[in-house]
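Trainee: The structure that follows is given in the form of structure tokens.
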Amino acid sequence: MDETPRQRILEATYSCVARWGLSKTTVEDAAREAGLSRATVYRYFPGGRDELVDAVVSWQHLKFFATLYEEVHGASSLEEVLERGLAFARRAVLEHEVLQMVLRTEPGVLLPKLTVESNRTVALISGFLVPYLQAEELAPGMSIHHAADFLARMILSYISSPGHWELDDPEQVASLVRFELLPGVLRRPPVGTGGG
Amino acid sequence: MRGRRGECDSYEAALVGSSRASAQRRVPIGPSGTQRVRIVDGALRCLVRQGVAKTTLDDVAREAGCSRATVYRVFPGGKEGVLTAVVETEVARLFSALGVAMGEASEIEDVLVAGMTEAATRIGGHEALAYLLENEPGVVLPYLAFGHMDDVLIASSSFAAPFLGRWLDHDEARRVAEWATRIVVSYIACPAEGVDLTDIESVRRLVRTFVIPGIRTLRSSTAASGVSQPDPTDSSKGREPTTSTPTIAKGEAS
């Protein structure tokens, strides 16, 4: 497969992070893994290590959303988008071995990127939802932006920490969507199979 | 903020010991309960100043006005034990303040608004937390997302659910309490323009916009499934206060 050098560096950095963690990965490691010189890596990531690590996190984010889009593509209602999206995203988080490893061993390095700087994640999820919300009649006084922001926050919360919910149980996910996500957002009553 | 701050303070004092008073006066070594509180408060002041990693047991002992040996006697677990006690004490203080705030409310909307505002205000104004978020995010952030946030959600919803028990059955109360906790954590971790959770009117707008419609839908679905319930968000039909949490119907979500 034809890869741009930037892409190749990101892949290589990701492999290094998987092996050694975020803080122990250096520009040299990434360059060696990519089969490029250190100078080349710096040409693409002038900020060095920090920029590289941020870029890998963003890249994984975008990759995740691309997969998520495929997963919910063709859903026939907003409810279905949210139900499929929540279940898929939770599974993806659990099965993401590198994410789980870094969360375990270096929470202080990764979590600032995912929580305090979570504006970016909220904005990504929210942007993803806007087209689906545009197709709906919203509750009186509700703006698309406000609705998308609230949904994004809640989705991020459930995906990251399900609390007492089992997101692999379709009935529970439907109940979440029907009672906690949509009633304040939509003018119409949300439909779904979820029980109280 | 509220007129009954005095009551709140005495409630806290009863729960965790007279913190500020004993922290400021170097009282002679008393019963071990008092000593414990002084050590915990001393450790808390160390955290505000220098965080977790740089705080030694010597610092804690100096701050508490006792010897290192005394700290070990009260906390055989050493630094780890002291830190655990600090967290437990601060959580107890937060919960007792939340209990007072929510206990004063007479409608479900007010319970939620009071609890969420109080929590956001206390957490936002917590000096040690602020220091740690700034300087040692790895200590605090695991509680705001992923793994440990589940512990926070479960502790918080178990604590807050009974305050909703006048209007909701057991499972509904737990899920609404967990939901409210998520909203608070979300805006603390990721502030939004135009939303200020330390402002009671801002919280009320959020609760009215998103949470109350959800509770209405939840209750009408329970009613449709055969269990007759008054609308909890209609204050004219609010149930009389009861001392225990009534369990009317088992919800399906568990």
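Trainee: For residue B:147, are the conditions met, namely being surrounded by fewer than 20 Cβ atoms within 10 Å (Cβ to Cβ) and either farther than 22 Å from residue A:113 by Cβ or under 17 Å from the mean Cα position of the chain (by Cα) (or both)?
Mentor: no
Trainee: Scan region A:126-156 for residues that are open to solvent by 10 Å² or more (accessible area, probe 1.4 Å) and within 12 Å of chain B (Cβ to nearest Cβ) and jot them down.
Mentor: Across region A:126-156, the qualifying residues are A:126, A:138, A:139, A:140, A:141, A:142, A:143, A:145, A:146, A:149, A:155, A:156.
Trainee: Do any helices (runs of 4 or more DSSP H) lying entirely in region B:29-112 carry at least 3 residues that are open to solvent by 50 Å² or more (accessible area, probe 1.4 Å), and which ones are they?
Mentor: Ranges flagged: B:32-50, B:68-74, B:78-103.
Trainee: In region B:161-208, which residues are under 21 Å from residue B:106 (Cα atoms) and open to solvent by 40 Å² or more (accessible area, probe 1.4 Å)?
Mentor: Matches in region B:161-208: B:162, B:163, B:166, B:170, B:174, B:198, B:199, B:200, B:201, B:204, B:205, B:208.
Trainee: Within the group B:152, B:111, which residue is within 14 Å of another protein chain (Cβ to nearest Cβ) and touching a Phe, Trp or Tyr at 6+ places or on another chain (Cβ under 6 Å)?
Mentor: None of the other options fit; the residue is B:152.
Trainee: Which residues, counting only those in region A:22-74, are free of Cβ contacts under 8 Å to residues at least 40 places away in the same chain and part of a loop (DSSP other than H, G, I, E, B)?
Mentor: Selection gives A:24, A:25, A:26, A:35, A:36, A:37, A:45, A:46, A:47, A:48, A:73, A:74.
Trainee: Among the residues of region B:175-201 satisfying the criterion of being part of a helix (DSSP H, G or I) and more than 9 Å from every other protein chain (Cβ to nearest Cβ), which is farthest from the chain's Cα centre (by Cα)?
Mentor: B:201
Okay, residues lined up against (1) within 11 Å of another protein chain (Cβ to nearest Cβ); (2) under 23 Å from the mean Cα position of the chain (by Cα); (3) modelled with pLDDT of 85 or more:
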| position | (1), (2), (3) |
| --- | --- |
| B:173 | no, yes, yes |
| B:203 | no, yes, yes |
| B:206 | yes, yes, yes |
| B:217 | yes, no, yes |
| B:225 | yes, no, no |
| B:230 | no, no, no |
| B:240 | no, no, no |
| B:247 | no, no, no |
| B:250 | yes, no, no |
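Trainee: In addition: Among the residues of region A:28-53, which ones are buried (at least 18 other Cβ atoms within 10 Å of the Cβ) and either hydrophobic (A, V, I, L, M, F, W, C) or in contact with a strand residue (DSSP E or B) (Cβ under 9 Å, 6 or more places away or on another chain) (or both)?
Mentor: A:30, A:31, A:34, A:41, A:45, A:52, A:53 - these are the residues of region A:28-53 that are buried (at least 18 other Cβ atoms within 10 Å of the Cβ) and either hydrophobic (A, V, I, L, M, F, W, C) or in contact with a strand residue (DSSP E or B) (Cβ under 9 Å, 6 or more places away or on another chain) (or both).
Trainee: Of these, B:87, B:40, which one is at pLDDT 95 or above and under 26 Å from the mean Cα position of the chain (by Cα)?
Mentor: B:40
Trainee: Let me ask something else. Looking only at residues that are part of a helix (DSSP H, G or I) and farther than 17 Å from residue B:210 by Cβ in region B:162-171, which one is farthest from the other protein chains (Cβ to nearest Cβ)?
Mentor: B:163
Trainee: Among the residues that make up region A:114-135, is at least one of them farther than 20 Å from residue A:61 by Cα and not in a helix (DSSP H, G or I)?
Mentor: Yes, there is a match, as at least one residue in region A:114-135 is farther than 20 Å from residue A:61 by Cα and not in a helix (DSSP H, G or I).
Trainee: Can you pull out the residues in region B:185-195 that are in contact (Cβ under 8 Å) with a residue 12 or more places away in the chain and farther than 12 Å from residue A:154 by Cβ?
Mentor: B:188, B:189
Trainee: So, one more: Could you pull out the residue among A:180, A:166 that is more than 8 Å from chain B (Cβ to nearest Cβ) and among the charged types (D, E, K, R)?
Mentor: None of the others qualify; the one that does is A:166.
The values are calculated or read from the model by the stated rules, or taken from the named source; none is laboratory data. Quick caveat: nothing in here was measured; it's all calculated off a predicted structure. For neighbour counting, all protein chains shown are included, and Cβ atoms are generated from backbone atoms with ideal geometry for every residue, glycine included. The area values use the complete protein model at the heavy-atom level, side chains included, leaving out ligands, DNA and RNA. Shrake-Rupley method; radii C 1.70, N 1.55, O 1.52, S 1.80 Å.
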